[in-house]
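Read the structure below first, then the notes.
Read-outs: derived from the displayed coordinates by stated rules, not from any lab. Quantities reported herein were computed from a predicted structural model and do not represent experimental measurements. Reconstructed Cβ throughout: ideal geometry from the backbone, glycine too, with neighbour counts over all protein chains shown.
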Amino acid sequence: MIARKIVYKGQFDNITADTVYDIVRKIAVTGEIKQQNNAQLTLELEGDPSMIKLIQHQIERRIKGKISDKAVDTIPYRHYTHLSFGRI
């Protein structure tokens, strides 16, 4: 198990954020997805490395026209028990 923080920057709307949430929920990885504003989505995910990589590929394929930048960092494992979604 690993934990990753993935930050996508670009032009996002609520439909885009919902699409990202659905992708992560269907793959059943735990963590948090935050939409700080219309220019940034932050995913803090925990789980199998291959599943997190699959999420990244699916997100980038589905919303590739809206992503202008991406950053991936290792974060401490926090033992999330579910997936949550928040708009700040």
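At-a-glance table
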| read-out | value |
| --- | --- |
| The listed residue being closer than 16 Å to Met1 by Cβ and not in a strand (DSSP E or B), out of Ile59, Ile52, Ile23 | Ile52 |
| Within the stretch 1-27, tally of residues that are within 12 Å of the chain's Cα centre (by Cα), of a type in the set (A, V, I, L, M) and within 18 Å of Arg62 (Cα to Cα) | 7 |
| Pair list, Cβ < 6 Å and 6+ apart or interchain, from the stretch 7-26 residues that are crowded, with 17+ Cβ neighbours inside 10 Å to residues that are among the hydroxyl-bearing types (Ser, Thr, Tyr) | Gly10/Ser68 |
